[in-house]
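Below: one structure, written as structure tokens.
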Amino acid sequence: GVMVSIVDTLLILFGSILFALAMRKLGNAISSRTGLSPFHGFLTGTLLLVMLTAGGLALVGPSMYQEIHQAGPRFAEVVKDFTDQLQRQEWMSDVKARLQESNVSPEGVLSSGFVPQVAQTFFGSSFGLIASLMLIFIIGFWIAWQPELYLEMTLKLFPPSLREHYRSILMETGQTLTNWVMGRLLAMFTVGGLTSIALLFLGVPMPFTLGFITGLISFVPTIGAFAAIIPAVLFAVPQGFEQVVAVIGSYTVIQLLENNVITPLVMQQAVSIPPAFVLLMQLAMGMLIGGLGVAFAVPLAAGASVLIRRLYIEDVLGDENADDLPADGASNDDPSSNQNNSEESADDASHELQSCS
């Protein structure tokens, strides 16, 4: 309905802001190393991104196109083989007998509208995935072109006496989101590349396509790690139990590398969100909104945590020690350290935006 379209539009706008923050971060990194102005660094980064994308498509595009073209029929065959193997298992016969005693048919469940509805709820979108991504890239590019313009337009919504205060809050939120999205992008490229190499080495069909899918899904923490392994395992089933174990082991090692090496290194300045809260946010957003909700649940929570702390806990409740919470179970020996980090993040973001102007 209309409400769903409005929510989808707002999520596309949020995704565009994330893309704009990432492009500006890339432009500032190029600017600091080449002496170019931040704006020309942004243009250079955009050109490099287009060239790398075109080069990657030229390098693996033909192979990936053939794999994707064959993916549908092959995936159907793999699922059928997997189902046939399950049917031959003794324990599966017991499960079917118990379901039939309860007047529940496995075939009926799969053929009913329940499974398709769940899939559509999680992965469907009124705009469609491709159209949403195109809109995110286009709108994000124009936001990154003149970020200060959109910031000033937003600040005009607040009373003049409060604009500087809200400017610092928006800067800190932007810095938090920038840290998060850059960390996820690095994780996506690393996980996707390592997965492709591992599957190619193991002889699993369609390694580049499965690696691409894994990297893409890695944008979504927690749920993405579990969802990405399913296609690879299904394609490894016809090659034997040992191959399935090898694929699961490879995915496990890669995920451990991401969680314990990549993420801590590149996201140490981002807001730490408890894993249980992350999972609940993803499930709730997925059921209520769909695929875009699942994809943006964590950055929305990260941005909201900054706004809640600054606007409610500090401004309304008057608690200036809102950051004095242990991270990952560790104690906080310096009550002022987190507040100083927040102020430094806001100052860094303000400096970056001023350099873009």
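A few comments on the model shown:
- Residue in region 211-222 that is surrounded by fewer than 19 Cβ atoms within 10 Å (Cβ to Cβ) and part of a helix (DSSP H, G or I) present: yes
- Looking across region 14-32, the residues that are open to solvent by 30 Å² or more (accessible area, probe 1.4 Å) and touching a residue at least 60 places away in the same chain (Cβ under 8 Å) come down to Phe14, Ile17, Phe19, Leu21, Lys25.
- Residue in region 264-280 that is in a helix (DSSP H, G or I) and modelled with pLDDT of 80 or more present: yes
- Against the test of being out of contact with any helix residue (DSSP H, G or I) (no Cβ under 6 Å at 6 or more places or on another chain), at pLDDT 75 or above and of a type outside the set (Phe, Trp, Tyr), the options Glu258, Glu242 yield a single qualifying residue, Glu242.
- Checking Gly203, Gly183 one by one, the residue that is touching a residue at least 12 places away in the same chain (Cβ under 8 Å), open to solvent by less than 10 Å² (accessible area, probe 1.4 Å) and either touching a strand residue (DSSP E or B) at 6+ places or on another chain (Cβ under 6 Å) or not acidic (Asp, Glu) (or both) is Gly183 and no other.
- Filter pass, Ile230 being among the hydrophobic types (A, V, I, L, M, F, W, C), in a helix (DSSP H, G or I), within 23 Å of Asn259 (Cβ to Cβ) and touching a Gly at 6+ places or on another chain (Cβ under 9 Å): no
- Test result for Arg167, open to solvent by 60 Å² or more (accessible area, probe 1.4 Å) and either within 18 Å of the chain's Cα centre (by Cα) or within 27 Å of Leu311 (Cα to Cα) (or both): no
- Index of the failed condition, Gly193 passing every other in (1) surrounded by fewer than 19 Cβ atoms within 10 Å (Cβ to Cβ); (2) at pLDDT below 85; (3) among the small types (Gly, Ala, Ser): (2)
- In region 131-151, residue modelled with the lowest pLDDT [restricted to those that are open to solvent by 70 Å² or more (accessible area, probe 1.4 Å) and in a helix (DSSP H, G or I)]: Met134
Every residue, every condition in (1) more than 22 Å from the chain's Cα centre (by Cα); (2) modelled with pLDDT of 65 or more, yes or no:
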site	(1), (2)
Ile12	no, yes
Phe19	no, yes
Ala22	no, yes
Gly45	no, yes
Leu49	no, yes
Leu52	no, yes
Pro62	yes, yes
Pro73	yes, no
Ala76	yes, no
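The values are calculated or read from the model by the stated rules, or taken from the named source; none is laboratory data. Since this is a predicted model, take the numbers as computed values, not measurements. Neighbour counts run over all protein chains shown; Cβ positions are idealised from the backbone, glycine included. Surface areas here come from the heavy atoms of the whole protein model, side chains and all, with no ligands, DNA or RNA. Shrake-Rupley method; radii C 1.70, N 1.55, O 1.52, S 1.80 Å.
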